[in-house]
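The structure under discussion appears below in the form of structure tokens.
The values are calculated or read from the model by the stated rules, or taken from the named source; none is laboratory data. Not measured: the values here are computed from a predicted model. Cβ sites come from the backbone with ideal geometry, for glycine too, and all protein chains shown count toward neighbours. Accessible surface areas use protein heavy atoms only, side chains included; no ligands, DNA or RNA. Shrake-Rupley method; radii C 1.70, N 1.55, O 1.52, S 1.80 Å.
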2 protein chains.
Amino acid sequence: MNKMGIVSVRLCTGILARWTGLCPRSIRACSGMTISQIDEELAKLLQLKAQLGGDDGKHSFVLKTAKGTRDYNPKQMAIREKVFNTIISCFKRHGAETIDTPVFELKETLTGKYGEDSKLIYDLKDQGGELLSLRYDLTVPFARYLAMNKITNIKRYHIAKVYRRDNPAMTRGRYREFYQCDFDIAGQYDPMIPDAECLKIVYEILSELELGDFRIKVNDRRILDGMFAVCGVPDDKFRTICSTVDKLDKVSWEDVKNEMVNEKGLAPEVADHIGEYVSLQGGMDLAEKLLQDPKLSQSKQACAGLMDMKQLFSYLQLFRVTDKVVFDLSLARGLDYYTGVIYEAVLTQSAPTPAPPQQQNGAAGEEGVSVGSVAGGGRYDGLVGMFDPKGKKVPCVGVSIGIERVFSILEQKAEASAERVRTTETQVMVASAQKNLLEERLKLTAELWDAGIKVEVMYKKNPKLLNQLQYCEDTGIPLVAIIGEQELKDGVVKLRTVASREEVDVSRAELVELIKNRTLQ
Amino acid sequence: MNKMGIVSVRLCTGILARWTGLCPRSIRACSGMTISQIDEELAKLLQLKAQLGGDDGKHSFVLKTAKGTRDYNPKQMAIREKVFNTIISCFKRHGAETIDTPVFELKETLTGKYGEDSKLIYDLKDQGGELLSLRYDLTVPFARYLAMNKITNIKRYHIAKVYRRDNPAMTRGRYREFYQCDFDIAGQYDPMIPDAECLKIVYEILSELELGDFRIKVNDRRILDGMFAVCGVPDDKFRTICSTVDKLDKVSWEDVKNEMVNEKGLAPEVADHIGEYVSLQGGMDLAEKLLQDPKLSQSKQACAGLMDMKQLFSYLQLFRVTDKVVFDLSLARGLDYYTGVIYEAVLTQSAPTPAPPQQQNGAAGEEGVSVGSVAGGGRYDGLVGMFDPKGKKVPCVGVSIGIERVFSILEQKAEASAERVRTTETQVMVASAQKNLLEERLKLTAELWDAGIKVEVMYKKNPKLLNQLQYCEDTGIPLVAIIGEQELKDGVVKLRTVASREEVDVSRAELVELIKNRTLQ
């Protein structure tokens, strides 16, 4: 600590000098300061800032949710429930278990996993104790879970919210808090079989959600790395150039080339060479062709990736999904942890909201304007090993459905459609036309609840019958059980069908059965 | 900005002087600095600290979840799903819609709502932009939602995680991240009808979860306040004395009295007077008796609360739940926002984990040892108004099921029981006894997936039949569809029932129907 203290002072004198306008020499008086002393001074400065009233000091109360987040109202929840049911059914059809992990992780668990995106991680305030961050995805917590519990084989899904301090574009379904629906297969298996199942799952889910036409782009990190190598990209620039290529679905090739040359220091001819490769799209045929490519075939890595790509397409044929899958060399995906196959699904129909500007050479090509990625994933064979004390690897492949975009589309559909979205499942309203029957209404309501019927009753002593019926119309309750003095005397209930206005007297003993039958139809 | 800049400098000179050891006068050279300049310097100092390696610089990697949090493994998730289904069914039976809100709120949204518990709120780090905190419960976000959307009537449930920097006791189901299952009724209605429904819901859920016997304690903030007033507690100490009374379910009356007298400055005879009241328990009869109490009846507030308590019990009789409900004057509940009826449910059977020390005068009484609260809630008529710009009130009453404790109990039950918890719903495994049939297995698997059957297949080229059958035994898959050269030639599949080992040849055309029938049974 002593040594560090001295270093700290040497460095801090420069800052103090610039701050105070004094010469560094005169500030050397502060020599001997330690980190804890710097901390103390930092705390004082922050307190000072708070007293002065910086950005934080405003006291006008704002009634809103945090930037980039939203509430879900009951209608949106009804849509969300339907989407989740479709997705979960698919995951269960493929034999997946489910797990859950905490919303925050130790900060160090997330460190060094996301490349250039790490700056988007939300940190919790240091309130004493551990340093924590909100999860950025579900993949890294999954890998941590596997390593921690020494699990080497699992097929699991996980549906939960993740957090990114990204620039929100909420009309297009881009939030800072958003759901991910992840399906992953961990374990040492014969090549490309689990990988093909992940693509089958994307295909099934996007088909069942009826979002319009889509395409699933596939590539392989080894093919990308091999391509970079044969094009002459220095080894230490593979990841950063990968991040740049990843932008091709949003910006033009000119912009991407510009970034490669001017920001990342590639020679223009190297960038052009990359440009030729990343314009290629195809299927198994393209993989075969590239295996003959005089340059690319010199890379062992690329060849391994291309052989696997051929194998993948043969399984995709058996799974009958090749009509939507494209081998696309421009697909890169930004995350650091991928090691093999990568994929991304895009909807190919125009959305009601404006599409991003100019798409050249981008993924969507001639067939339509890309409305953004709705699913993505890939193979990450090294991630679990990063958490294992002995570095023991567990090969993994998975896919994440980005369903906020899906919600947006389905919400807009629901808005446009005449069909009413019911937000409750109530089967009967217990009502009365006469006064002073609250007790009798509550008694009947409790009887029906206890029999498992979904019932509502108005929380008023003497509600008007018209109001009770109107409420049923408004909320879609199909039946009304009406009681009055006469019905009570006769031991019956008048059961009214809201849609037809038909009414029948039913004995109390038969009421439950009849309601069950009527609401089954 | 100019003015603030000058103030900032005047204040900062003192700090710099102490830091550098120079006299304040010589530092006045820095005059003219603004907040943004302070920010800049702060950033530099923080960077400097990071370079030096403070607390953050340790590189011993710890493989764990954050303190007070846990992962859910597939078995725990299966139990959790069952519990949620029970609870959600009940909420839907009572006609509730559902909403969702973000996991974090603007910090100021949570400020001033939780009394002494506010120190337990998790704040997010200031990374620029808004100051955010993790939600502490679902009630305050609900009130914010109502005010923001000008909703005056809703019956909604919300199931989500909340966060408290409390002392975790994980074996007893006390976590820092935990689920709440909230049901609330907002709107102006005739008194005590929605309140009674909330208690009916607690009764139904705790009965259906089969957790053993339970009791629901009921009280009213107005009765407590009236009691404090007639006992001679000063007005400004009502809330803090309320917090002390709230501890009666965990510590003895002696400890509570001690805190009242020695920490909170009550006269001993005032405390003793409170002590007499808070030992009272009963039903409607107790409410009637207290309405005649010469002292308590002098408080208008107390009388209003006692009249409503009588009314509540009359509705609870109609709902047939009075066997578990106790009017208990020691029930206080710590949160600031309650204004009327409050309640709390406790399990009354001993749990396998040790109970808290010494229970005198506590809630559980003679009938058993309290294993902690599993549900609680009450009426909060002022909370929504705190968010409305014009202070417009929306009366609310609600209940929160604290299900972590429920999970703990059901997990322990499942551990103890011989019954296996299935973690997948797979109906069939597609298998083969011969080599080189991977393609045929994948083809059949895809056919069954496409027909909606839940299928698994081994990700190996040539798995052994024994391994495939063993996997079905281990995971509870009931059927195996076996193919070999002969079956392929004959256009059939050998369908094996795992439990009975019975095998039948089925034509491929009839396979889907047969699997559906077999797995219905």
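In table form, for the structure just shown:
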{"item": "Of residues in region B:90-119 being farther than 21 Å from B:C242 by Cα and of a type in the set (F, W, Y), the one farthest from the other protein chains (Cβ to nearest Cβ)", "result": "B:F91"}
{"item": "For B:F387: the one exception among (1) open to solvent by less than 10 Å² (accessible area, probe 1.4 Å); (2) within 9 Å of chain A (Cβ to nearest Cβ); (3) under 30 Å from B:L514 (Cα atoms)", "result": "(3)"}
{"item": "Complete set of residues in region B:449-470 that are free of Cβ contacts under 8 Å to residues at least 24 places away in the same chain, aliphatic (A, V, I, L, M) and in contact with a His (Cβ under 8 Å, 6 or more places away or on another chain)", "result": "none"}
{"item": "Count - residues of region B:290-307 that are open to solvent by 60 Å² or more (accessible area, probe 1.4 Å) and assigned to a helix (DSSP H, G or I)", "result": "4"}
{"item": "Residues of region B:209-245 that turn out to be in contact with a strand residue (DSSP E or B) (Cβ under 8 Å, 6 or more places away or on another chain) and either open to solvent by less than 30 Å² (accessible area, probe 1.4 Å) or of a type outside the set (D, E) (or both), as a count", "result": "10"}
{"item": "Lone unmet requirement of (1) farther than 22 Å from B:C90 by Cα; (2) acidic (D, E); (3) within 14 Å of chain B (Cβ to nearest Cβ); (4) open to solvent by less than 70 Å² (accessible area, probe 1.4 Å) for A:D474", "result": "(4)"}
{"item": "Members of region B:120-142 found to be more than 11 Å from chain A (Cβ to nearest Cβ) and either under 20 Å from A:G129 (Cβ atoms) or open to solvent by 10 Å² or more (accessible area, probe 1.4 Å) (or both), listed by number", "result": "B:Y136, B:T139"}
{"item": "Among the residues listed as B:L206, B:L248, the single one being in a helix (DSSP H, G or I), open to solvent by less than 50 Å² (accessible area, probe 1.4 Å) and within 19 Å of B:A332 (Cβ to Cβ)", "result": "B:L248"}
{"item": "Matching residues in region B:444-456 - criterion: being open to solvent by less than 70 Å² (accessible area, probe 1.4 Å) and out of contact with any Gly (no Cβ under 9 Å at 6 or more places or on another chain)", "result": "B:L444, B:T445, B:A446, B:E447, B:L448, B:W449, B:A451, B:G452, B:I453"}
{"item": "Residue list for region A:263-276, filter: under 33 Å from the mean Cα position of the chain (by Cα) and assigned to a helix (DSSP H, G or I)", "result": "A:E263, A:A271, A:I274, A:G275, A:E276"}
{"item": "Hits in region A:457-471 - residues which are open to solvent by 10 Å² or more (accessible area, probe 1.4 Å), assigned to a helix (DSSP H, G or I) and of a type in the set (S, T, N, Q)", "result": "A:N467, A:Q470"}
{"item": "Candidate set: region A:180-191, residues that are in contact (Cβ under 8 Å) with a residue 12 or more places away in the chain and open to solvent by 10 Å² or more (accessible area, probe 1.4 Å); chosen: the one farthest from the other protein chains (Cβ to nearest Cβ)", "result": "A:Q180"}
{"item": "Residue check, B:A446 in contact with a Leu (Cβ under 7 Å, 6 or more places away or on another chain) and at pLDDT below 95", "result": "no"}
{"item": "Among residues of region B:143-156, those that are more than 10 Å from chain A (Cβ to nearest Cβ) and either under 18 Å from the mean Cα position of the chain (by Cα) or open to solvent by less than 20 Å² (accessible area, probe 1.4 Å) (or both), counted", "result": "2"}
{"item": "Odd one out for A:R496 among (1) under 41 Å from the mean Cα position of the chain (by Cα); (2) surrounded by 17 or more Cβ atoms within 10 Å (Cβ to Cβ); (3) not hydrophobic (A, V, I, L, M, F, W, C)", "result": "(1)"}
{"item": "Members of region B:277-289 that are in a helix (DSSP H, G or I), farther than 17 Å from B:G334 by Cα and touching a residue at least 24 places away in the same chain (Cβ under 8 Å)", "result": "B:Y277, B:M284, B:L286, B:A287"}
{"item": "Failed criterion for B:P168 (all others in (1) more than 9 Å from chain A (Cβ to nearest Cβ); (2) within 23 Å of B:D388 (Cβ to Cβ); (3) of a type outside the set (A, V, I, L, M); (4) surrounded by fewer than 22 Cβ atoms within 10 Å (Cβ to Cβ) hold)", "result": "(2)"}
{"item": "Any chance B:E473 is among the acidic types (D, E) and either in contact (Cβ under 8 Å) with a residue 24 or more places away in the chain or touching a strand residue (DSSP E or B) at 6+ places or on another chain (Cβ under 7 Å) (or both)", "result": "yes"}
{"item": "Extreme residue, nearest to B:R176 (Cα to Cα), among residues of region B:47-92 that are at pLDDT 90 or above, of a type in the set (G, A, S) and not in a helix (DSSP H, G or I)", "result": "B:G68"}
{"item": "Residue tally, condition of a type outside the set (V, I, T) and assigned to a helix (DSSP H, G or I), over region B:401-425", "result": "11"}
{"item": "Region A:195-240 - residue that is touching a residue at least 24 places away in the same chain (Cβ under 8 Å) and of a type in the set (F, W, Y) and, of those, farthest from A:Y277 (Cα to Cα)", "result": "A:Y203"}
